[in-house]
Every structure is written in C-alpha cells, then in structure tokens.
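Participant: Take a look at this one; I'll ask things after.
A short reminder: the numbers here are calculations on the coordinates, not readings from a lab. Computed from a predicted model, the values in this text were never measured in an experiment. With ideal geometry, Cβ positions are generated from the backbone for all residues, glycine too; neighbour counts draw on all protein chains shown.
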Amino acid sequence: MLDFERYIKRFLSFLELEKNYSYYTLLNYRKDLEEFSQFVRTDVGKIDYFTFRRFLANLAARHLSKRTIARKISTLKSFFRFLVKEGFIKNNPASSIPYPRIEKKLPGFLTEKEVAQFIDSLPEEKEIDRRDKAIMEILYSCGMRISEMLTLNRNDIDLIGGVIKVRGKGKKERILPLGGPAEKALEKYLSCRGDHSPALFVNRFKKRLSAVGVRKIISRRAKLIGITKKISPHTFRHSFATHLLNRGADLRSVQELLGHSDIATTQIYTHLTTQRLRKIYDRAHPRA
C-alpha cells in the first residue's frame with residue numbers, strides 16, 4: 001500500500017530542490033494534497049477518474065471559487081504526473097480532469113497622468129518619505145512583483161549602470177533597467193539611511209519591509225493625496241505593462257521585463273491597448 005504522506009514529501013522535495021519553488025508555493029501544494037488525501041482515504045494506486053469527480057463535486061458544493069478549484073486541479077495533475085514519472089504508479093488518473101472555465105479579468109491600472117500625479121506629489125523631507133517615494137518609483141519603473149521588490153538588497157542596485165537585479169519566480173534572476181526618476185529617488189533614500197541592514201527597503205525598526213507593510217504604505221499615501229481608485233503594488237505593475245505597449249513596445253520585450261514564462265500571460269495587456277491601435281488604424285488605413 002502506497003503511503004500518501006510519504007509520496008507527498010517526495011513530491012514536495014522534488015519541487016523544492018529541482019524546481020526551486022518558493023516556501024509559500026510549497027505550502028499551498030501541501031495543503032491541497034493533504035486535503036485530497038483526507039477526502040479519498042485510500043491507496044494511491046486505487047484512485048481513478050471517478051475519485052477525482054467526487055472530489056471536484058465536493059469542492060463545488062463548498063462554493064469555492066473557480067480559480068481555487070483550478071489551482072487544486074493543477075496541484076493534483078502535477079502530483080500524479082510525478083508519481084508516474086518516478087514509477088510509483090503506471091497510469092495518471094488525473095490527466096483527463098478538466099479545468100473549470102475561468103474568465104480572465106482585465107487588470108486595473110493607472111493612466112500615465114495619474115501615475116505622474118501620484119508619485120510627483122509625494123514629499124521627500126523625511127527618510128520615511130524618501131523610502132515611500134523610492135518604493136513607488138521602483139514598482140513603476142521596473143514593473144516588478146511585490147515579492148521581487150521585498151527580496152531586494154542594496155547590492156542588487158547598480159546606480160552607475162542604471163540597472164537592478166531581480167530574483168523572480170523559481171528563483172530566476174533577471175536584470176531590469178532603472179528609469180532616471182527611480183535612480184534619483186533611490187539615491188536620496190539610500191543617502192539618509194544610517195543602518196547597516198542589507199535589505200533595500202526597511203521599516204522603522206530597520207527590518208525588511210513586509211508585503212502587508214507595502215500595501216498599507218501605498219493605500220495611506222493614495223488617501224492622503226485624494227486618490228479614490230483602489231491601488232495596490234500590482235497596480236503599478238499593470239500600469240507599467242500597459243504604458244509600454246501603448247507606446248509601441250513589442251510583446252516579447254514586455255514579457256521578458258515582467259518575468260512571465262508564458263507569453264499568454266502577457267497578452268492580457270493587449271486588451272488594454274485598443275485606443276492606441278485605433279489611432280494607428282485611423283492614421284494608416286486609407287479608408288479609416
């Protein structure tokens with residue numbers, strides 16, 4: 001009889017050592033697999049397509065979102081694919097499980113004018129002000145994920161070369177260009193730092209900033225200047241991609257800058273560029 005827990009550990013170890021998955025990703029995989037194990041309560045070798053159908057019916061009865069169910073299906077598919085590859089089972093019973101149909105939401109973003117008004121209105125008198133402005137400039141200048149920004153260290157910044165080293169998903173590194181305003185904001189912030197922490201962005205206790213902390217900073221700063229739109233760190237990433245495409249950047253370059261492994265993920269931003277395409281069409285087509 002195959003031990004579910006033992007094979008879950010084998011699988012998670014593979015993801016950590018071979019695939020470089022993050023701690024939080026591994027945690028979600030473990031939760032999904034343990035939930036499935038508790039539901040089926042049987043030998044892995046006895047699980048079939050109908051087992052999965054009963055499990056999915058249970059998830060649907062609990063009114064879980066389609067995205068949550070899709071994530072759990074992806075976890076199970078990966079797990080059973082691993083078991084087949086390692087020779088623990090002969091056939092993959094999860095291979096034909098269908099994913100729920102999920103409508104892609106267009107990401108929210110700020111206009112170029114709104115970004116400029118937001119960032120340019122931020123004060124720069126105190127260290128905390130300079131830090132907050134540098135955070136906004138970095139997020140918009142580089143389009144990085146908040147998780148990527150939070151892991152940045154001082155030595156990841158090359159102000160002379162105008163570039164920044166980012167560690168993305170799967171611990172993949174990429175080099176991103178820094179815009180002029182972002183360079184100046186970082187210089188001002190770092191010039192008044194009196195601590196020795198290697199972290200680029202720290203809180204008042206000189207500890208590395210958390211994701212919750214950054215979200216609170218952005219929300220508080222937006223309210224102070226009267227912005228009513230809901231703004232998050234990802235809003236700057238969406239704005240970054242949208243503005244680049246609006247100004248003629250090609251999709252492959254934007255994909256590389258964002259760190260997307262699949263260009264289909266980047267293509268969602270093309271839905272936001274219809275205004276630019278309309279202008280090109282009106283200017284170029286003889287019967288527009």
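Participant: Where does the charge balance sit around residue 9 when Lys and Arg score +1, Asp and Glu -1, over other residues with C-beta under 10 Å from its C-beta?
Facilitator: Here the count lands on +1.
Participant: Let me ask something else. Considering all projection directions equally, how large on average is the shadow of the alpha-carbon convex hull of the chain, in square nanometres?
Facilitator: Projected over every direction and averaged, the Cα hull of the chain covers 20.2 nm².
Participant: Gain in length, residue 64 to residue 247, computed as 0.36 nm per residue apart minus the alpha-carbon separation, to one decimal in nm? Walk me through the numbers before you get to the answer.
Facilitator: Working: separation 183, 0.36 × 183 = 65.88 nm, distance 3.95 nm.
Difference between extended and current length: 61.9 nm.
Participant: Determine the dipole magnitude for the range 154-223: charges of +1 sit on the beta-carbon of Lys and Arg, -1 on that of Asp and Glu, nothing else is charged, the reference point is the Cα centre, and the result goes in debye to the nearest 20. Could you put the intermediate results ahead of the total?
Facilitator: Numbers: 19 positive and 6 negative charges, 115 e Å.
Once rounded to the nearest 20, the dipole reads 560 debye.
Participant: Using +1 on the beta carbon of Lys and Arg, -1 on that of Asp and Glu, and nothing else charged, what's the dipole of the range 4-85 about the Cα centre, debye to 20?
Facilitator: Working: 18 positive and 8 negative charges, 49 e Å.
Its charge dipole is roughly 240 debye.
Participant: While we're looking at this one, here's another question. Given an 8 Å cut-off on Cα distances and at least 6 residues of separation, report the relative contact order of the range 112-280 as a percent.
Facilitator: Across the range 112-280, relative contact order equals 24 percent.
Participant: What size of dipole, in debye to the nearest 20, comes out for the chain about its Cα centre when the only charges are +1 on Lys and Arg C-beta atoms and -1 on Asp and Glu C-beta atoms?
Facilitator: 780
Participant: Could I ask something else about it? So which residue, out of 215, 193, 247, gets the largest mean-square fluctuation from a GNM of the chain using Cα contacts under 10 Å as springs?
Facilitator: 247
Participant: Right, something else. At what distance in angstrom do the alpha carbon centres of the range 203-238 and the range 97-157 lie from each other?
Facilitator: So the separation of the two Cα centres works out to 9 Å.
Participant: Which entries in 19/165; 113/216; 72/171 show an alpha-carbon gap greater than 26 Å?
Facilitator: The pairs that break the limit, which is 26 Å between Cα atoms, do not exist here.
Participant: Here's another thing I want to ask about it. For every other residue with a beta carbon closer than 15 angstrom to the beta carbon of residue 261, add +1 if it is Lys or Arg and -1 if Asp or Glu, then tell me the sum.
Facilitator: Values: positive: 19, 145, 167, 169, 171, 172, 174, 252; negative: 148, 173, 256, 262.
Local net charge: +4.
Participant: So what's the convex hull volume per residue for the Cα atoms of the range 27-105, in Å³?
Facilitator: Working: hull volume 8.0 nm³, N = 79.
Dividing the Cα hull volume of the range 27-105 by its residue count gives 101 Å³.
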